[in-house]
């Protein structure tokens, strides 16, 4: 529906009359930019943080150097925020048509496309400044991570499993942590990368189940659409595969019982997710997705206890 024009009383040679005037919208507030970065929804930051901490603890064989820890903690916030911004920029054609996303700042017009791109560049430059404090190998991996983060939102248009691209992007902090601390990527790091890729694909499939009907109508793609009626079966297989790979990590890293206890808690939480989302209702799937934060926390606490208990 067209907006009603705004008028102003002006004096003309023929007398006073009302003329239409352009109304310049106010600049977006900092709150709109904070929402664009999802700072009001920290679950995504935590889901990126947990595997980063796994890698830092294992690469350092204990407590990582404080400087490296601060670089990666700051990098998690910056890169996740940048990822959300570029995701909404890429999805600005889709978000107004999806129930869950139509209130996002770009979808509502609170933030312009140019403003979003400017913010994305600022966040990525800040992340680049951080990674420049490490070493050439870590910088090279950071470039790959940035490319994957940019590729993911556009992958929804072209491939049936964009969640795998997200899993790779969310896992790049693992080899980066190893090169930053050890200068190389060892087999344990590769296993950890694979485990997190499987886990991320699993929980993002639950996330995609929330929007499945809207995505089908809009022409977007996801693993929720790809798996169809086998969505929960596939998610369970991905979860089990992630846990199995983490168990191999524990064996290769010679971790003690505390780590496996954490995996046991994670397994119970994963099983609960599948049960809770069994009817595939939107709210239930979204709640199941968010519960993966507790999965990551359980694994992190188990790993930290195992590493620190016999290292110190």
> When you look at residue 81, is it under 18 Å from the mean Cα position of the chain (by Cα), surrounded by fewer than 22 Cβ atoms within 10 Å (Cβ to Cβ), in contact (Cβ under 8 Å) with a residue 40 or more places away in the chain and assigned to a helix (DSSP H, G or I), yes or no?
Replying inline: no
>> Here are the criteria: (1) more than 30 Å from residue 287 (Cβ to Cβ); (2) at pLDDT 95 or above. Tell me which single one residue 74 does not satisfy.
In response: (1)
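Can you tell me which residue within region 284-305, out of those that are assigned to a helix (DSSP H, G or I) and without any contact (Cβ under 8 Å) to a residue 24 or more places away in the chain, is farthest from the chain's Cα centre (by Cα)?
The selected residue is 284.
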>> Here's a check for you: in region 248-264, which residue that is surrounded by fewer than 17 Cβ atoms within 10 Å (Cβ to Cβ) and not in a loop (DSSP other than H, G, I, E, B) is farthest from the chain's Cα centre (by Cα)?
In response: 257
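Going by what's in this entry, would residue 149 be described as at pLDDT below 95 and closer than 20 Å to residue 55 by Cβ?
Yes.
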> Hey, residue 236 hits all of (1) at pLDDT below 95; (2) surrounded by fewer than 17 Cβ atoms within 10 Å (Cβ to Cβ); (3) under 30 Å from residue 95 (Cβ atoms) but one; which does it fall short on?
Replying inline: (1)
> Which residues, counting only those in region 94-120, are in a loop (DSSP other than H, G, I, E, B), within 22 Å of residue 282 (Cβ to Cβ) and touching a helix residue (DSSP H, G or I) at 6+ places or on another chain (Cβ under 8 Å)?
Replying inline: 94, 98, 99, 100, 101, 102, 104
> Does region 265-282 hold any residues that are assigned to a helix (DSSP H, G or I) and surrounded by 14 or more Cβ atoms within 10 Å (Cβ to Cβ), and which are they?
Replying inline: 265, 266, 267, 269, 270, 272, 273, 274, 276, 282
>> Looking for something assigned to a loop (DSSP other than H, G, I, E, B), over 20 Å from the mean Cα position of the chain (by Cα), in contact (Cβ under 8 Å) with a residue 60 or more places away in the chain and surrounded by fewer than 22 Cβ atoms within 10 Å (Cβ to Cβ) - is there at least one such residue anywhere in region 67-76?
In response: no
>> Here is a list: 165, 210. Which entry is in contact (Cβ under 8 Å) with a residue 24 or more places away in the chain and either in contact with a strand residue (DSSP E or B) (Cβ under 9 Å, 6 or more places away or on another chain) or buried (at least 19 other Cβ atoms within 10 Å of the Cβ) (or both)?
In response: 210
>> Among the residues that make up region 103-119, is at least one of them under 25 Å from residue 53 (Cα atoms) and either modelled with pLDDT under 95 or surrounded by 16 or more Cβ atoms within 10 Å (Cβ to Cβ) (or both)?
In response: no
> part of a helix (DSSP H, G or I) and farther than 21 Å from residue 64 by Cα - does that describe any residue in region 174-194?
Replying inline: yes
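Can you tell me which residues in region 126-151 are surrounded by 20 or more Cβ atoms within 10 Å (Cβ to Cβ) and outside any helix (DSSP H, G or I)?
Across region 126-151, the qualifying residue is only 134.
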> Conditions: (1) touching a helix residue (DSSP H, G or I) at 6+ places or on another chain (Cβ under 7 Å); (2) more than 24 Å from residue 55 (Cβ to Cβ); (3) in a helix (DSSP H, G or I). Residue 221 meets all but one. Number of the miss?
Replying inline: (3)
>> Cβ contacts < 6 Å: first residue closer than 14 Å to residue 78 by Cα, restricted to region 128-146; second residue part of a loop (DSSP other than H, G, I, E, B) and at pLDDT 95 or above, any location; separation 6+ or different chain. Result?
In response: 145/172
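The values are calculated or read from the model by the stated rules, or taken from the named source; none is laboratory data. Because the structure is a prediction, the values reported are computed rather than measured. Because the Cβ atoms are built from the backbone with ideal geometry, glycine has one as well, and the counts that use them run over all protein chains shown.
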